[in-house]
Every structure is written in C-alpha cells, then in structure tokens.
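The values are calculated or read from the model by the stated rules, or taken from the named source; none is laboratory data. Bear in mind that the values here come from a model prediction, so they are computed numbers and not experimental data. Virtual Cβ from ideal backbone geometry, glycine too; neighbours counted across all protein chains shown.
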C-alpha cells in the first residue's frame, strides 16, 4: 500500500489557486523533497495531507485512509514550519506532553530527546533555547510513535551545517524503518542527494517529480567549459569552435568560456586536447543545483502539464 | 483531554499573571474581611455576610478580568506560535483541546478564589472568637457562583481568542468585552431606567435584561436575603421579579453557551 496517494488535488482560496491539479504518489520508505518558492503551495499541500485544510477538489489518501482521520493521525507525524513551543515549559515537559498525546511512555520521550542531541538541555525552559534547539524538539516529536508518514516543513532552515547533517542521518534512519518522508524546502542545495525524489511546485503546479539525475538530464542545461591558454594561442582555440555555434565568452585575454550540451562535451574536449601544450588548464562545471532548480521553478505551468502526463 | 489540562496547568503555574491574581484575590479578601465590619459596627449582623457582600462587589470586576486574561491567549497564541496546527495533527479532537484548556483554567480560578475565601473565612472565625453564630453558607455560595462567573468569561475569552486569532488583538477585545459586561451594560440600563421613569420598561423588560448579564446575575445571587437589604434595595427589588431561578439559569447557561460558541468557532478554523 502506498504511504500517500494524491489525485488531482486543487485548493482555491477565494479566487486564488494555491495548489493546482497536483498528483503525487509516495511509497513506504521513500524520501521526497518538496521544493518551491515561498508561496508556491508547499505548506498548503502539506496541510491538506494532514487533514488540516480541505482540498477544493481531488482526493488524498494517507495509508489507505482519509487524511485527518484517527488512524491517519496516529500514523502521521508533522514538523511545522517555524514552530515555537511555549517558552515557560522545559524541553522535557513539552516532549512528555507530546508522548502522552500519542500514548507513548515518558521513557520514549527522553530517548528521543537524547537522539536529537537535547538531553543536556531538557530540563531548561524552552525560552532559553536557540532556534536550532527548538527545531530539534520539533523533530523529536515528529519521531514519536513510529510514524508511517513524516511531513517535515522546512526542517533545515535555521540549522547550521553540522546540525543539518545530523538531521539527514535521522531522516535516513526513519526511511530505513519504512517511513515515507516528505521534506519541504526552498533550496535544492539543502536536500540534494539526501532524498530519493524531487518534486517541485511552481505557483501551485507540480512542475517536476523525478530523481535528481533524471531532472538534470531532461533539463539539459548547458555545461560550462573554461579553457585557459597563452594569449597567442587563445584566438586560435576560439576560432576552431566557430563552426559549432556555441555560446562563448572571452575573459581577460587568456580565458575562453564555452557553453555546450551534455552530448557535445566529449567531442569538444577531444578538440581541445589536439592543441596539446598550448592549453594551460581546463575547468568543467556542470549546471549547479541552483540553476537546475531555477530552470524548473520558473518553467511555465503549461509546459509542465505535458511533462506530467507521460 | 487531561493531558492538555496537565500541560496547561504547568504553563499557568509559571504565568506571572496567575500568581499576581491569586495574591491580589487573597489580599482583597483579607482586607475586606478585616474592615468589612466597620460601617455596621459589631452589632447584630453576621460579619461573614458583610464580608461576602464586599467581596462580591469586588469579584464582579475582578473575576471576569482574571478569566478573560487567562483565556484570550488560549487559541490565538497557539495559532501564532504554530502549535495549534501541530496539536491538531495528534489523535485529539478540537473539543478535547478546548475542554482540556478549560479544565486547567477553571482549576486555576478555583484555586485563586478558594484561597481568598478560605482566608476570609478563617479570619472571620478568629475575629468572632469561634465558629459559633457564623453562617458559612454565603461564603460557599459565593465560591460556587464565582466559579460559574469565571467559567462564563473563560468561555467568552476562548471565543474571542478563536475569533481574532492574534493575541494582541484578542487581548484588546477581551478588555472591551470586560468593560461592556461589567461596567457599560449597567450604566446603559441605569440610563434607560432613569429615562423611562418607572414605565413599562422598568417593570417588564429591565429585570430580565438585568439577569441576562452574567455579572449582574452573579451580583443578585449574592445579595443577602435578609438583614442588610436596605443597603441594596434598588437592584434587589428588580431581582425579585426575575427570581432566584432566573438568576441561576442565567449564570448556568452562560458558561455552556460561551464554551459552545467557542467550540463552534474553533471547529471552523483551518490553520
């Protein structure tokens, strides 16, 4: 049984469409990154999966039952974006409260606090916590009760790189135990290789839903090749690429920048090596994650409709 | 539900405002018990009756204020902090969240009022040199009706909290509601009464409008039935028309109605 099935879901607030005809399946143990700008519809989609917001049309099934039903709530966990727990409680009190709500014993609460690295601070009031520490409480409560589906809304914003690394280790543990995990983020660089699949929302439309490799391939963004040669030879090198009609740039008299497609790369490299010692250095830069993300998130929803159907 | 109540009590225990109101309530009760006898001297009237009359007058203003200030943050604060959405993803109904908070706040109120009245009772016994000749019924009655009054304004506080969703706006509206119920309402009724000069309004509408306000129903219910009626004749004469039953119904229905409306509103929040 799929952990989550979303079929043609649309959410309209008055006249504004927040989520448009989104379909998405997630299997147990899968880790999905849900990407999009602020206001792209990520949080709305997550809240519909939780049953907090009703879709205008379409259907959602969580582990075979309706979102927000008792069974769904027992098996789903949620880490809200920017959650601020009551400052006058200690981390331990807050965590034990959540454990009691999920019918877990207090020992489990303490264990999870230790797992997220908060055991040293659990008897302090939350008001004294740093943002990262608060986020860890949020994460700890999302681990309660062996969830089958975990929805983490911008979990890594405000975390330093080391905490982020630890966070993804915990996510990996979760998915190894069969939990399907959705992580929303506004930056592809934050999730990159830590997820199995990347879904991108743009103005409420699902414009991509593939693994990173497939996304790279189908976007076919240009690769940048930087060639450095002596100022006498550089013109010769540049002229030899004239017939290929590539986008090129001359930088500082010694360097040539070429933009080419993936399938032209080897060809061009062969041509360059023919110049032998005249070439001082070569740099190859594949499209960055930022560029890839920008490509998908700014692509028009209509193009994506055809992409989705196949 | 009790899990929610437990955590809310933990929060309330560390709430400055709760501490302040418990201390104030105790202080006022003590002062009013000690000085309450002054106008009548030591003659005749049970000192506890005098004390409860004074404490009633104070409670009409104080208890609604405490209750509203406990409640205004209950829902709006959780919306702002983002914890309401989180609570709603737990296997827990909205009614349970509301009732859990209500139980906790109600117990806090009961504690504040209880401490005050207990002190008041103890002092009266000491002053009297023993419990003989004292009637504790007015004190218990005051305790009970104060709780109903408090419950009403807790419910109204939740309703406000769910309606405006922002703690700052909710606190402002809470003060407005307080002013209307315990101050302005009476002034307007009084104005109408003066303007009417004992006509149809005074005899047939006014008494019911009076008990319709929970704070006035509370005031009437705590009027001494005998003895010092002369002190309060105007209002209690009007109170006779609606009767004890009307007053009790008003004070009982208000908390239920307010909580019910708050629940209706909470149910419709898509957070």
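In the stretch B:36-50, is there at least one residue being outside any helix (DSSP H, G or I), buried (at least 19 other Cβ atoms within 10 Å of the Cβ) and within 14 Å of chain A (Cβ to nearest Cβ)? No. Here residue B:58 does not fit the description of being within 14 Å of chain A (Cβ to nearest Cβ) and either part of a helix (DSSP H, G or I) or closer than 27 Å to residue B:180 by Cβ (or both). Restricted to the stretch A:138-157, and to residues there that are within 11 Å of chain B (Cβ to nearest Cβ) and assigned to a helix (DSSP H, G or I), the residue that is farthest from the chain's Cα centre (by Cα) is A:141.
None of A:117, A:132, A:87 is surrounded by fewer than 21 Cβ atoms within 10 Å (Cβ to Cβ), within 13 Å of another protein chain (Cβ to nearest Cβ), more than 30 Å from residue A:1 (Cα to Cα) and at pLDDT below 90 except A:87. Here the condition is being part of a strand (DSSP E or B) and over 30 Å from residue A:169 (Cα atoms); of A:232, A:228, it holds for A:228 alone. Residue check, residue A:47 against (1) within 25 Å of residue A:157 (Cα to Cα); (2) more than 10 Å from chain B (Cβ to nearest Cβ); (3) under 22 Å from the mean Cα position of the chain (by Cα); (4) crowded, with 21+ Cβ neighbours inside 10 Å, all met but one. Which one? Exception for residue A:47: condition (2). When A:123, A:82 are checked against the criterion of being within 9 Å of chain B (Cβ to nearest Cβ) and either in contact (Cβ under 8 Å) with a residue 24 or more places away in the chain or crowded, with 23+ Cβ neighbours inside 10 Å (or both), A:82 stands alone in meeting it.
Given the condition away from chain A (no Cβ under 14 Å), closer than 30 Å to residue B:177 by Cα, in a helix (DSSP H, G or I) and touching a residue at least 40 places away in the same chain (Cβ under 8 Å), answer yes or no: does some residue in the stretch B:120-138 qualify? Yes: the stretch B:120-138 contains one or more residues that are away from chain A (no Cβ under 14 Å), closer than 30 Å to residue B:177 by Cα, in a helix (DSSP H, G or I) and touching a residue at least 40 places away in the same chain (Cβ under 8 Å).
Any chance the stretch B:98-105 includes a residue that's touching a helix residue (DSSP H, G or I) at 6+ places or on another chain (Cβ under 8 Å), more than 20 Å from residue B:160 (Cα to Cα) and part of a helix (DSSP H, G or I)? Looking through the stretch B:98-105, none of the residues is touching a helix residue (DSSP H, G or I) at 6+ places or on another chain (Cβ under 8 Å), more than 20 Å from residue B:160 (Cα to Cα) and part of a helix (DSSP H, G or I). Sub-9 Å Cβ pairs linking a first residue in the stretch B:1-23 that is at the interface with chain A (Cβ under 9 Å from one of its Cβ atoms) to a second residue that is at pLDDT below 85 and not in a helix (DSSP H, G or I), at least 6 apart or interchain, number zero. Please determine, by comparing only the residues of the stretch A:54-79 that are under 24 Å from residue A:204 (Cβ atoms) and out of contact with any strand residue (DSSP E or B) (no Cβ under 7 Å at 6 or more places or on another chain), which one is farthest from the other protein chains (Cβ to nearest Cβ). This residue is A:66. Can you tell me how many residues within the stretch A:55-79 are surrounded by fewer than 17 Cβ atoms within 10 Å (Cβ to Cβ) and touching a helix residue (DSSP H, G or I) at 6+ places or on another chain (Cβ under 7 Å)? Result for the stretch A:55-79: 2. No other residue among B:245, B:189 is assigned to a helix (DSSP H, G or I), modelled with pLDDT of 80 or more and touching a helix residue (DSSP H, G or I) at 6+ places or on another chain (Cβ under 7 Å) apart from B:189. Taking the criterion of being surrounded by fewer than 24 Cβ atoms within 10 Å (Cβ to Cβ) and farther than 30 Å from residue A:79 by Cβ, would at least one residue in the stretch B:63-86 satisfy it? For the stretch B:63-86, residues surrounded by fewer than 24 Cβ atoms within 10 Å (Cβ to Cβ) and farther than 30 Å from residue A:79 by Cβ: present. On the stretch given as the stretch A:167-182, residues that are in contact with a helix residue (DSSP H, G or I) (Cβ under 6 Å, 6 or more places away or on another chain) and crowded, with 23+ Cβ neighbours inside 10 Å total 1.
Residues that are in a loop (DSSP other than H, G, I, E, B) and under 18 Å from residue A:140 (Cβ atoms) within the stretch A:161-195 comprise A:177, A:179, listed in sequence order. Hey, could you check the stretch A:241-266 for residues that are exposed (fewer than 12 other Cβ atoms within 10 Å of the Cβ) and within 24 Å of residue A:214 (Cβ to Cβ) and say which is farthest from the chain's Cα centre (by Cα)? Residue satisfying both the conditions and the ranking: A:266.
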